[in-house]
Each structure stands twice: as structure tokens, then as C-alpha cells.
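Data block below; observations after.
The values are calculated or read from the model by the stated rules, or taken from the named source; none is laboratory data. Everything quoted here is computed from the prediction, not taken from an experiment. Cβ: placed from backbone, ideal geometry, glycine included. Neighbour counts: every protein chain shown. Heads up: the accessible areas ignore ligands, DNA and RNA and are worked out on the full protein's heavy atoms, side chains in. Shrake-Rupley method; radii C 1.70, N 1.55, O 1.52, S 1.80 Å.
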Amino acid sequence: MSEFAMRRRLLATLGSLCVLPRVARAEPGVSAGEIVIGQSITLQGGKNAYGAEVEAGVKTFLAATNRAGGVNGRRITLRVLDDDNQPAKAEANARQLVKDGAFLLFGSLEGGPSTAVMAAAVELKVPFFGPMAGSPTLRRPHQPLVFPVRAEHREEFRALIRYGVSTGLKRVGFLHADSDTGRQHLENVRLAATEFGAELGTGEPFKSDISDEQLGEALRRFEAARVDMLLNHGSAPIYTRLIRLARQAGSRITFMAVNSGSTQIAAALRELAQGMVFTQVMPSPWARKTAITREYQEAFGQAHPGREFSYGSLEGYMTAKALVMALKLAGPQPTRERFVKGLEGVNFDLGGIAAAYSASSHTGSTYVDLAMVTREGKFLQ
């Protein structure tokens, strides 16, 4: 072989070696035609009605996005694992999804599972977009990799207490999970009560295995503290049991609730729910007062003919819309770093609902409205 031919072979070999590191550095979950998104969500094998509705809304928006060409020519592939509403399983799911090549984590439900996914995301240095939970830990202290969309429970407590005070109620009771997050919520309720000229009567923690007898004891403590309005955090079934016990005992406490589990509570209580006031972090999915609801109704109605609109499917749809907007900001060659950087100083208009992010604060939306349960069991917002 001539010296010239040997040099050409050597240069060709070196050239191929130079390509190898570039392939090895390819961003996980991103290929020429696809972006892989990992989601751990509470479905409980289809038994969790809200989770099923959220998932239907998410898939409705992402399917429409893919039909329109995806994001910068890349199809969005959603890989979903059911966490069964168990924080430990949610964290394990998150780690598995990242291990299997998810570009980012997305859209968990409830505070416990969402906080667990956040822990994995922070450790693995993977963005976590759109947790559908109101836990204060998702925003404080500031988490640079976590981007909630919906409003947090703190804003819901403020709205409920402000409403209660406007109707003449003055002493607040709070039923909350016996956890660090539950105690943070209790402090936020205390602050909101002070802000609007009310007083915190007492907060009562509960564990998941609380008995009716223990709930009855908690009710008696609320009564002894002269509580006239009662709020909740966590476990719609437990709060439903407390309300039933209170009604049977002839209690005159006014029960109000945050959006989590509102549909389940109203359905379970039936006529006992009439007149109850709930916060909602979405506009009414049955009305056409905002651009996002009009868009959602048209898309969801086409994708699921005959299926009823719901808060869950609207929240899933809007959160998926925010995700796609965020992915577009990452540019034609998306990386996790560009995804995070692209959200600095952004204020999304999601269709009449704003979501704001900066380098030091990931507020998301602050939209909170009140809805009253009618005699027919519907939400009047």
C-alpha cells in the first residue's frame, strides 16, 4: 500500500472516531423524529376517576400536536406508569422512566406522588414539568427543575377563607394529612386566616387508617374550638366520612374544600353536598367563557364523542398544552439545559389562563375560582 493510501485510511479512521463522542453525547429521549416524555400518574388500574380524566385530556392534546407535525418535526411519545397513589412507587417509576430514556418527567397527580417524583428529578437532574398538585414543596424552596402549571393549595385556602369571612364566618378548622406537607398547609391556613381577619380554631391531623371513632373525636375538637368553617387537605374519602358524621350529629359547621377530589366528594355525598363551596384551579369545563375551554371542548368532543367534559380532562389538556409550548422554547435541537433556560422570564397565555416562570420563581398559574354544588350535584362556577 502506498504512503498516500495509508494516510487516507488513517484520516478516515480518525474521522470515524471523532463521530463516536458526538453520538454518545446525544440528549436522552431526543432523536431525529421523537421526544420521549415520562409520566408517573395515579391511575390505580383505572379506578382513580380523576387520573383517568387527566390522562384522557393529556392524550387528546398530544395526539393533536403529533397530527400537526409534533414539535419542530419530532413526534411526542408519552410513556406512562401507574404509581397507584403511592409516593414510593411514584419515585421508583420516575427513576425507571429516566433510566429508560425519558427526556423529562411530566404530569404526576397529588402531593405525595408529585413530591416523590420531584425528589428523583432533582437527584437525576431531569426537568419535571406540570405536576398537577398543590403542594407547597413544589415551589418553596425554589426548585430550578420543577415547573408546576396549576395554582397551589395556598391560593385555594386564601380564596375559601376570604369567601367564608364575606359570609360572616370567623373561625377556621383544618383537617390535614399527618405529614410535613400537611403541617406546611396548616401554617398557610393560619396565615390566610390572619390575612382576612379570621382565626384558626384548630388543625386536626389524620393518618390514612383513621377510624370513624377517631374522626368523631376530631369533630368534637372542632366543635369545642368553636370552628364555623372547615377546610381540608388530602384524602377525599376521609373528608367525605367526616362530613357524613358531622351531618348525622347535627353539626352547623360550614364545610368547604379544595379542588382535589371535589368531583368524588360531591358524587359520594349526593344531597349532603348541596351548597358546598369548592375551589377550582380550572375554569368551568362546561362553560365557554375562556379561550382554553372553547378550544378544549372542540378538541375533546372530537376525540371522545359523547364523553362528558370534566375538570380532570381540562386540567390534563391545559397542562399538556403548556408542555408543548415549553418544548418549542427549547429550540430545534432540544436539551434539558435548553428546556430549563427557555422557560426563564416566560409568561404563557394558555387561553385566558396565564402561567409565569422566571429564573428564581416557578409560579405557574394563580387561577383559582369558587364553585358551588347545586341540588342536581353539578358545579356552578
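Miscellaneous remarks
- Residues of the range 345-365 that turn out to be in contact with a strand residue (DSSP E or B) (Cβ under 7 Å, 6 or more places away or on another chain) and open to solvent by 30 Å² or more (accessible area, probe 1.4 Å), as a count: 4
- Unique residue being in a helix (DSSP H, G or I), out of contact with any strand residue (DSSP E or B) (no Cβ under 6 Å at 6 or more places or on another chain), without any contact (Cβ under 8 Å) to a residue 60 or more places away in the chain and within 21 Å of Lys378 (Cα to Cα) when the list is Gln297, Gln302: Gln297
- Among residues of the range 334-344, those that are out of contact with any Asp or Glu (no Cβ under 6 Å at 6 or more places or on another chain), in contact (Cβ under 8 Å) with a residue 24 or more places away in the chain and either open to solvent by 90 Å² or more (accessible area, probe 1.4 Å) or not in a helix (DSSP H, G or I) (or both), counted: 2
- Within the range 113-124, not a single residue is under 22 Å from Leu314 (Cα atoms), in contact with a Ser or Thr (Cβ under 8 Å, 6 or more places away or on another chain), aliphatic (A, V, I, L, M) and open to solvent by less than 40 Å² (accessible area, probe 1.4 Å).
- The set of residues in the range 159-178 that are open to solvent by 40 Å² or more (accessible area, probe 1.4 Å) and either of a type outside the set (Asp, Glu) or in a strand (DSSP E or B) (or both) comprises Arg162, Tyr163, Val165, Ser166, Thr167, Gly168, Lys170.
- Inside the range 26-45, residues that are touching a strand residue (DSSP E or B) at 6+ places or on another chain (Cβ under 7 Å), among the β-branched types (Val, Ile, Thr) and part of a strand (DSSP E or B) make up a count of 4.
- Output for the range 125-151, where each listed residue is more than 29 Å from Glu27 (Cβ to Cβ) and open to solvent by 10 Å² or more (accessible area, probe 1.4 Å): Arg140
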